[in-house]
Amino acid sequence: MCGVTGYLGQRAAAPILLDSLKRLEYRGYDSCGLVVLNDGGVALRRSVEPLDRFRTVILSENLPGTVGLAHTRWATHGVADALNAHPHSSCDGTILAVHNGVLENGDELRATLIRQGHRFTSDTDSETIPHLVEQSLREGQTMDAAFAALPRRLVGSYAVLLVHAKTDAIYALRRDSPLVIGVGDNEYFPASDIPSFLPLTSRVVYITQDEPLVIDRTGIHRIRQHSPAGGREPLDRLPVILDQNVTSLSKDSFEHYMLKEILEQASTLERLIEVPPEPLAKARALLQKASSIKLIGAGTSYHACLFGEHAFGVGAGLDVEACVSSEFEFRASLLRPGAVVVALSQSGETADTIHAVRSAQGRGAKVISVTNSEMSTLAQMSDLVIPLRSGPELAVAATKSYTSQLAVLLLLDQELAPWAVTDVRSLWKARDSILNLTSTAARAHIAELAHELAVRPEVFLMGRGPHYVTALEAALKLKEVAGLRAEAFHGGEMKHGPLALIEEGAPVVMFYDRAGMTRTEIAASELIARGALVFTVGEQRLRSSHLHVRADDAGKATPIPQIIPLQLLSYEIAKIRGRDPDHPRNLAKSVTVI
Ligand code: F6R
């Protein structure tokens, strides 16, 4: 959460930083700010206004200066106001820093710095960073040494960019929070994430943990931390050339990223089926030897893990269990020798997932990660990485990465039990079904449904087996994107409590496949008898459906097409209710704090 970005080059920094912020907005958007250096002077601007307004104001100022930093915030310490917005500065205002992460010893550092005479103006842990550097300078250290001391002082996670008004350079450091450097022609774009600079360069340098770097007009240098003589050495790591498609970052003609990403799913799925990720075969070797398999993920990625529990490894007789990342610590002691963890994460930066993986590794487990970011922290920790290859997912709500996760689990299943030969076939059916569900006619039908549901106080969702997973994921989308109270139930659990909530006109969405139709029909009649309005998603309409969305069965892959109408529905309801579908309230795409 939070996006940091910087620029050092030949061009005016402010417009470049503002564009980068826009592309990082998915990481949090409570407040934003920037600083531009110019001839020893500092222009610092911070705001709680929406980024677009902030941008207009700053552009009208025509700030001179070719070095600067910017930040978009998702509040962890201190409310979202202009004082807590980054960049934060030292007492004398010459040292400025932007930070993503959480400093666990922030309070302690703040107390020590206050005793040393420093004045704080915000409630954030991040503000300790420029003061720490200032304190080291007061004690006679050089700027390089002061910055390189930070890893010894900071406990917790951080991606830090820092500038000094009198130094034509940007300092960069990371631990357990992402930070990369885009490299152009004599210009540098340090940032939390690649999309920040992708339209400007496709060359990227990855930064390793606790490696203090300084970027100046001559290049990127590593600051020697342990040599008494101090000094710098050129970073000898060559930039990696990305094969990302720059246009995939644009919204094209779509009003929102979310819609674009929903509609991309037929092609993301097709790409995975046609060119399955190479590491699948290697994963088979690891999984076949596993004593047990834990699927770990958070949020939507956890729902993919639940799907895996149903669909993956069954044919091969494997012992598979889904665990929510933040709860893994309570199960970790049950990990048997020889266990393999499959960690699912779109971003590869979710702190809870990284934490769970670290604890599993501490107990000797091998780790396979399934992620959309092959250079992420999670990927770097893993024994094997299976790329999702969904392309950048910039709307906060996960859509195409979810269906890709389900597809990768089925492809992996096919590797483990090739005699079944059903998974790939079912994935093709899923692709065809998605094409139908995203047609203009189908979307118009879903928009109608959206008008019915947008005015309801709550929505219930039901399914059995893997379709319960769809109900859970659909409820999450309705909550976060549409802002509706939505609750998922196991179809068979209805009589054990949930029926008490059903009142006249209560909407219940039911997911099922051909095999489950009869039981769903019975459950639907029981609901209708108590006044419910039944909405159905399946191949055939139930006799009792109030409104039906046809989603053709795709064997084991049926949950892939069945989630599409609910993604679209959440999107449409968000618009009807005046919510921004790309930026749900209080959320951030990559949750890099525990
Ligand atoms: C829901 C959503 C979140 C993420 C969760 C895990 O739409 O986007 O619930 O699924 O934060 O993120 P990753 O997959 O990046 O680990």
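Considering each of ALA97, ALA80, ALA85, ALA75 in turn, give the residue that is at pLDDT below 95, farther than 22 Å from PRO199 by Cα and open to solvent by less than 10 Å² (accessible area, probe 1.4 Å).
Working: ALA97 fails: at pLDDT below 95; ALA80 fails: open to solvent by less than 10 Å² (accessible area, probe 1.4 Å); ALA75 fails: open to solvent by less than 10 Å² (accessible area, probe 1.4 Å).
One residue alone meets the criteria, ALA85.
Collect the residues in the stretch 55-72 that are in contact (Cβ under 8 Å) with a residue 24 or more places away in the chain and either β-branched (Val, Ile, Thr) or surrounded by 17 or more Cβ atoms within 10 Å (Cβ to Cβ) (or both), keeping them in residue-number order.
Scanning the stretch 55-72 gives ARG55, ILE58, LEU63, GLY65, THR66, VAL67, GLY68, LEU69, ALA70, HIS71, THR72.
Consider GLU487 carefully, then state whether it is part of a strand (DSSP E or B) and surrounded by fewer than 23 Cβ atoms within 10 Å (Cβ to Cβ). Outline the logic, then answer.
Working: part of a strand (DSSP E or B): yes; surrounded by fewer than 23 Cβ atoms within 10 Å (Cβ to Cβ): yes.
For GLU487, the condition - part of a strand (DSSP E or B) and surrounded by fewer than 23 Cβ atoms within 10 Å (Cβ to Cβ) - is met.
Mind checking which residues of the stretch 273-286 are touching a residue at least 40 places away in the same chain (Cβ under 8 Å) and surrounded by fewer than 23 Cβ atoms within 10 Å (Cβ to Cβ)? Even if it seems obvious, please write down each step before you answer.
Step one: filter the stretch 273-286 for residues touching a residue at least 40 places away in the same chain (Cβ under 8 Å), giving 273, 276-277, 279-284, 286.
Within the stretch 273-286, ILE273, PRO276, PRO277, PRO279, LEU280, ALA281, LYS282, ARG284, LEU286 meet the criteria.
Of the numbered conditions (1) within 14 Å of the ligand (Cβ to nearest atom); (2) open to solvent by 40 Å² or more (accessible area, probe 1.4 Å), ALA351 fails exactly one; give the number of that condition.
Every condition holds for ALA351 apart from (2).
Out of the residues in the stretch 287-303 that are buried (at least 20 other Cβ atoms within 10 Å of the Cβ) and assigned to a loop (DSSP other than H, G, I, E, B), state the one that is nearest to the ligand (Cβ to nearest atom). Can you show your working first?
Step one: of the stretch 287-303, the residues buried (at least 20 other Cβ atoms within 10 Å of the Cβ) are 287, 290, 293-303.
If we keep only those that are assigned to a loop (DSSP other than H, G, I, E, B) as well, we get 290, 298.
Details: ALA290: 22, ALA298: 4 Å.
Among them, the one singled out is ALA298.
Return the residues of the stretch 19-40 that are open to solvent by less than 30 Å² (accessible area, probe 1.4 Å) and more than 21 Å from the chain's Cα centre (by Cα); say none if nothing qualifies.
So the first thing to find is which residues in the stretch 19-40 are open to solvent by less than 30 Å² (accessible area, probe 1.4 Å), and the list is 20-21, 24-28, 31-37.
GLY33, LEU34, VAL35, VAL36, LEU37 - these are the residues of the stretch 19-40 that are open to solvent by less than 30 Å² (accessible area, probe 1.4 Å) and more than 21 Å from the chain's Cα centre (by Cα).
Of all residues being under 20 Å from ASN372 (Cα atoms) and of a type in the set (S, T, N, Q) in the stretch 202-211, which is surrounded by the most Cβ atoms within 10 Å (Cβ to Cβ)? Just the residue, please. Let's see the steps before the verdict.
Filtering the stretch 202-211 for residues under 20 Å from ASN372 (Cα atoms) gives 202-208.
Then keep just the ones that are of a type in the set (S, T, N, Q); that gives 202, 208.
Working: SER202: 19, THR208: 11.
Top of the filtered list is SER202.
Could we say that HIS467 is assigned by TED's automatic domain parsing to the domain that holds ASP513 and open to solvent by 20 Å² or more (accessible area, probe 1.4 Å) here? Spell out how you get there, then give the answer.
Values: assigned by TED's automatic domain parsing to the domain that holds ASP513: yes; open to solvent by 20 Å² or more (accessible area, probe 1.4 Å): no.
Judged against the criteria, HIS467 is not a match.
Report, by residue number, each residue of the stretch 357-403 that is surrounded by fewer than 19 Cβ atoms within 10 Å (Cβ to Cβ) and among the hydroxyl-bearing types (Ser, Thr, Tyr).
If the condition is that a residue be surrounded by fewer than 19 Cβ atoms within 10 Å (Cβ to Cβ) and among the hydroxyl-bearing types (Ser, Thr, Tyr), then SER359 is the only one that fits.
Can you give me the number of residues within the stretch 60-80 that are touching a Ser or Thr at 6+ places or on another chain (Cβ under 7 Å) and either in a loop (DSSP other than H, G, I, E, B) or not assigned by TED's automatic domain parsing to the domain that holds GLY106 (or both)?
3
Restricting attention to the stretch 361-408, report how many residues are in a helix (DSSP H, G or I) and either within 29 Å of ARG23 (Cα to Cα) or within 14 Å of the ligand (Cβ to nearest atom) (or both).
Going through the stretch 361-408, the residues in a helix (DSSP H, G or I) turn out to be 361-362, 377-381, 400-408.
Then drop every residue that is not either within 29 Å of ARG23 (Cα to Cα) or within 14 Å of the ligand (Cβ to nearest atom) (or both), which leaves 377-381, 400-408.
Looking only at that region, the number is 14.
Test LEU427 against the criterion of being more than 14 Å from the ligand (Cβ to nearest atom) and among the aliphatic types (A, V, I, L, M), and give yes or no.
Details: more than 14 Å from the ligand (Cβ to nearest atom): yes; among the aliphatic types (A, V, I, L, M): yes.
Yes: the conditions hold for LEU427.
Please enumerate the residues belonging to the stretch 438-450 that are in a helix (DSSP H, G or I) and open to solvent by less than 40 Å² (accessible area, probe 1.4 Å). Reasoning before the result, please.
Initial filter on the stretch 438-450 (in a helix (DSSP H, G or I)): 440-450.
Across the stretch 438-450, the qualifying residues are ALA442, ILE446, ALA447, LEU449, ALA450.
Please work out if ARG46 is open to solvent by 30 Å² or more (accessible area, probe 1.4 Å), closer than 18 Å to ASP123 by Cβ and either in the same structural domain as LEU587 (by TED's automatic domain parsing) or touching a strand residue (DSSP E or B) at 6+ places or on another chain (Cβ under 7 Å) (or both).
Details: open to solvent by 30 Å² or more (accessible area, probe 1.4 Å): yes; closer than 18 Å to ASP123 by Cβ: yes; either in the same structural domain as LEU587 (by TED's automatic domain parsing) or touching a strand residue (DSSP E or B) at 6+ places or on another chain (Cβ under 7 Å) (or both): yes.
Answer is yes for this residue.
The conditions are (1) open to solvent by 10 Å² or more (accessible area, probe 1.4 Å); (2) within 21 Å of the chain's Cα centre (by Cα), and ILE16 fails exactly one of them. Which is it?
With (1) open to solvent by 10 Å² or more (accessible area, probe 1.4 Å); (2) within 21 Å of the chain's Cα centre (by Cα) applied to ILE16, the lone miss is (2).
Is it true that some residue in the stretch 551-574 is among the β-branched types (Val, Ile, Thr) and open to solvent by 10 Å² or more (accessible area, probe 1.4 Å)? Before you say what the answer is, go through the steps one by one.
First, the residues of the stretch 551-574 that are among the β-branched types (Val, Ile, Thr): 558, 560, 563-564, 573.
The next check asks that each one be open to solvent by 10 Å² or more (accessible area, probe 1.4 Å); those that pass are none.
No, because not a single residue in the stretch 551-574 is among the β-branched types (Val, Ile, Thr) and open to solvent by 10 Å² or more (accessible area, probe 1.4 Å).
Pull up the stretch 461-481, narrow it to residues that are near the ligand (Cβ under 9 Å from one of its atoms) and among the charged types (D, E, K, R), then point me to the one that is nearest to THR300 (Cα to Cα). Full working, then the answer.
From the stretch 461-481, those near the ligand (Cβ under 9 Å from one of its atoms) are 473, 476-477, 480-481; that's our starting set.
Right, trim to among the charged types (D, E, K, R) and you get 473, 477, 480.
Working: GLU473: 6, LYS477: 9, GLU480: 11 Å.
Once the filter is applied, the top-ranked residue is GLU473.
Confirm whether GLU572 is out of contact with any Pro (no Cβ under 7 Å at 6 or more places or on another chain), closer than 27 Å to MET258 by Cβ and in a helix (DSSP H, G or I).
Details: out of contact with any Pro (no Cβ under 7 Å at 6 or more places or on another chain): yes; closer than 27 Å to MET258 by Cβ: yes; in a helix (DSSP H, G or I): yes.
Here the answer is yes, as GLU572 does meet what is asked.
Which ones in the stretch 100-125 are among the acidic types (Asp, Glu) and open to solvent by 30 Å² or more (accessible area, probe 1.4 Å)? Steps first, answer last, please.
As a first pass, look at the stretch 100-125 and keep what is among the acidic types (Asp, Glu): 104, 107-108, 123, 125.
Of everything in the stretch 100-125, those that are among the acidic types (Asp, Glu) and open to solvent by 30 Å² or more (accessible area, probe 1.4 Å) turn out to be GLU104, ASP107, GLU108, ASP123.
Which residue out of LEU435, LEU427, LEU453 is open to solvent by 70 Å² or more (accessible area, probe 1.4 Å), part of a helix (DSSP H, G or I) and closer than 27 Å to GLU572 by Cα? Before the answer, list the steps.
Values: LEU427 fails: open to solvent by 70 Å² or more (accessible area, probe 1.4 Å); LEU453 fails: open to solvent by 70 Å² or more (accessible area, probe 1.4 Å).
Criteria check complete, one pass: LEU435.
Against the conditions (1) open to solvent by 10 Å² or more (accessible area, probe 1.4 Å); (2) part of a loop (DSSP other than H, G, I, E, B), where does LEU542 fall short? Just the number, please.
Only one criterion in (1) open to solvent by 10 Å² or more (accessible area, probe 1.4 Å); (2) part of a loop (DSSP other than H, G, I, E, B) is unmet by LEU542, namely (1).
Quickly run through the stretch 304-326 and pick out the residues that are open to solvent by 20 Å² or more (accessible area, probe 1.4 Å) and either under 15 Å from THR353 (Cβ atoms) or within 16 Å of the ligand (Cβ to nearest atom) (or both).
Those that are open to solvent by 20 Å² or more (accessible area, probe 1.4 Å) and either under 15 Å from THR353 (Cβ atoms) or within 16 Å of the ligand (Cβ to nearest atom) (or both): LEU306, VAL324, SER326.
Examine the stretch 521-533 for a residue that is within 16 Å of the ligand (Cβ to nearest atom) and open to solvent by less than 20 Å² (accessible area, probe 1.4 Å), and state whether such a residue exists.
Within the stretch 521-533 (the criterion being within 16 Å of the ligand (Cβ to nearest atom) and open to solvent by less than 20 Å² (accessible area, probe 1.4 Å)), the answer is no, since none of the residues qualifies.
The values are calculated or read from the model by the stated rules, or taken from the named source; none is laboratory data. For clarity, every value in this text was computed on a predicted model and none was experimentally measured. As a convention, Cβ positions derive from the backbone with ideal geometry for all residues, glycine included, and neighbour counts pool all protein chains shown. Just so you know, the surface numbers come from the protein's heavy atoms only, side chains and all, with ligands and any DNA or RNA stripped out. Shrake-Rupley method; radii C 1.70, N 1.55, O 1.52, S 1.80 Å.
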